[in-house]
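This report concerns only the one structure given below.
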Amino acid sequence: MPLFPTLPETPHLSDVFRAFPEQVRPLLAYHDALLRGESPLSVAERELIAAYVSGLNACGFCFSAHKLYARAFGIDEAVIDALVADLETAPVNAKLKPILRYVAKLKDLPPRLTDGDAKAVYDAGWSERALYDAVQVAALFHFMNRIIEGTGVSFDYAANPPSEADMEMRKTRSYADFGKVIGIE
C-alpha cells in the first residue's frame, strides 16, 4: 500500500501535485525563477546542483529527474554520478567544486559553515549572488526531496526513460508549464 492511499501504487510527483494542488502554482513559479531565471550560474549548473543535492539526500526520483534536466542542458549524467560518489575526484570544472562543497556541507552540517567555506567560493571567482543562488537551489531540493520521500513518490525514470522529444522539451518547458500539463493552471 502506498504511503498515501489515494495515490497510485507507484506515484509520480504529478500525482501528488494533482491530489494537493493548493500550493503548487507558487512552488512551480519559484522553481522557474530560481532554476530558469537570471543567475551567474548557468541553467546546467543549477540543474547539476539540484541533482547533486538530491543524490546526496538519496532521493531517487529527484536525482533521476534532475540528472535528465542537467543532461538536456549539456551535463553528462556520469559526471553527476561521479560527484555523488566522490566530489573531489569527480570530473567537474574546478571552479564549481567550492560551490558543490558548500552545498554538501549545507546538507549535513549547516551550523559548521565558515567564512572559509564562502571565501573558497569567492576565491574561485563566484559572486555572492552565485553563492546565494546555489544555497537556494540546495534548500529547494532539500525541501522537494522531503516532499517526494514523505509522500512515497516512487516513479522510476531508469525503468521509464524519456523519449528524445521529451528530452528536447526539457530545454524549453518551464516548471509552470509542467503544472499546466498536469491540470494545475
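Every number in this text was worked out from the coordinates using simple rules, so none of it is lab data. All of these numbers come straight from a predicted model, not from anything done at the bench. Glycine also receives a Cβ, built like all others from the backbone with ideal geometry; neighbour counts cover every protein chain displayed.
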Counted residues in segment 48-64 being assigned to a helix (DSSP H, G or I), small (G, A, S) and either surrounded by fewer than 24 Cβ atoms within 10 Å (Cβ to Cβ) or touching a Ser or Thr at 6+ places or on another chain (Cβ under 8 Å) (or both) come to 3
Among residues of segment 70-86 being of a type outside the set (D, E) and more than 18 Å from P162 (Cβ to Cβ), the residue surrounded by the fewest Cβ atoms within 10 Å (Cβ to Cβ) is A85
Residues of segment 65-89 being closer than 16 Å to L100 by Cβ and in a loop (DSSP other than H, G, I, E, B), in sequence order, are I75, D76, D86
Among residues of segment 1-37 being free of Cβ contacts under 8 Å to residues at least 60 places away in the same chain and part of a helix (DSSP H, G or I), the residue farthest from the chain's Cα centre (by Cα) is A19
Sole miss for A58 among (1) touching a helix residue (DSSP H, G or I) at 6+ places or on another chain (Cβ under 8 Å); (2) at positive phi is condition (1)
